[in-house]
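The values are calculated or read from the model by the stated rules, or taken from the named source; none is laboratory data. All values reported here derive from a predicted model rather than from experimental measurement. Because the Cβ atoms are built from the backbone with ideal geometry, glycine has one as well, and the counts that use them run over all protein chains shown. Ligands, DNA and RNA are excluded from the accessible area calculation, which covers all protein heavy atoms including side chains. Shrake-Rupley method; radii C 1.70, N 1.55, O 1.52, S 1.80 Å.
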Amino acid sequence: MKKLSILAVCALAIISCKNDAPKQDLMMTQLRDSLNTIIAQKDTEINDMIATFGDIEEGFREITEAQSRVTLAQQGEGTNSAKRIKENMQFIQQTMRQNKELINKLKQQLRDSSFKSEELKKLIDNMQQQLEQKEAQLQALREELDKKDIHIAELDETVANLNSDVNQLTEESTQKSQTISQQDKELHTAWFVFGTKDELKKQNILTKDGVFSKTRILEKDFNKDYFTKIDIRIDKEIKLYSKDAKMLTSHPSSSYTLAPDANKQYVLRITDPNLFWSTSKYLVIQVK
């Protein structure tokens, strides 16, 4: 009986193993596929980087050859030599730009890649140094050509564009300065008028609807041309040429004095311009 029980358990275990086998096989297949995908992805990333490295190296080789052609052409004379120099210099400049873009692309590829390598980083840094050396050599070539009055059209165009940009920036700066100056001037501008009651009425500065109504100031379409414009930072004293004067507009009493001078004619002295003009930019004084 015991033997039968043991045999039954073994049989069940074997059947269970056989049932789990397909699941295990599927898991192993999925794991293998995932690993292959990762390896393939890394291979693709590395291959892309290697291709970019190759393009950069080819660019440097072509630049070196073009530099040699420029050096040889400098020894010649005439229109053909100058033409060859210009063509090669333009080619060098164009290839330099391409190599700069490729190096930046390579840096981005390394940053984005899951494959990190100090050796690759060193190689990229080395190419960056080569690019800087080539730029220095190109600048030296330009200076040599300038001494021989050989100007590269593309370089001249670049300089012209830079000058144009500078002029445009200067013009924009001037316009902004003028705008700021105008805004500053408007901010510190005020208007004043003084006159007899009848004079102020004629200009609609003083108005009254009925016989018993209260006199109002600056409520209707008053004549703004009758006012005098001033700069509140500069004009702080207004002579009224009258022995009688009364403020009609409201201004803080602590910001001014209204008193007669030695000739007994009233003078308005503004002691605190910012406070005085804070209530109104229009000043109306009635005199007799």
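Quick notes on this one:
- Any pair with Cβ under 8 angstrom, 6 or more apart, that starts in segment 180-195 at a residue that is of a type in the set (D, E, K, R) and ends at one that is modelled with pLDDT of 80 or more: Lys185/Asp231
- Listed by first and then second residue, the pairs with beta-carbon distance under 6 Å, at least 6 apart or on different chains, first residue in segment 54-70 and buried (at least 17 other Cβ atoms within 10 Å of the Cβ), second among the aromatic types (Phe, Trp, Tyr) and part of a helix (DSSP H, G or I), are Ala66/Phe91.
- Positions within segment 89-111 being open to solvent by 20 Å² or more (accessible area, probe 1.4 Å) and of a type outside the set (S, T, N, Q), in sequence order: Phe91, Arg97, Lys100, Glu101, Leu102, Lys105, Lys107, Leu110, Arg111
- Residue count, segment 213-238 (criterion: out of contact with any Lys or Arg (no Cβ under 8 Å at 6 or more places or on another chain), of a type outside the set (Ser, Thr, Tyr) and more than 20 Å from Ser255 (Cα to Cα)): 10
- Taken over segment 218-271, residues that are surrounded by 12 or more Cβ atoms within 10 Å (Cβ to Cβ), basic (Lys, Arg) and within 14 Å of Leu200 (Cβ to Cβ) amount to 2.
- Screening Leu200 with (1) of a type outside the set (S, T, N, Q); (2) assigned to a strand (DSSP E or B); (3) in contact (Cβ under 8 Å) with a residue 60 or more places away in the chain gives one miss only, at (2).
- Residues of segment 259-270 that are free of Cβ contacts under 8 Å to residues at least 24 places away in the same chain and either in a strand (DSSP E or B) or touching a helix residue (DSSP H, G or I) at 6+ places or on another chain (Cβ under 7 Å) (or both): Ala259, Pro260.
- Look at (1) in a loop (DSSP other than H, G, I, E, B); (2) surrounded by fewer than 12 Cβ atoms within 10 Å (Cβ to Cβ) and you find that Asn274 fails only one, number (1).
- Only one of the listed residues (Leu145, Leu131) is closer than 19 Å to Gly59 by Cβ and either modelled with pLDDT of 85 or more or open to solvent by less than 30 Å² (accessible area, probe 1.4 Å) (or both). That residue is Leu131.
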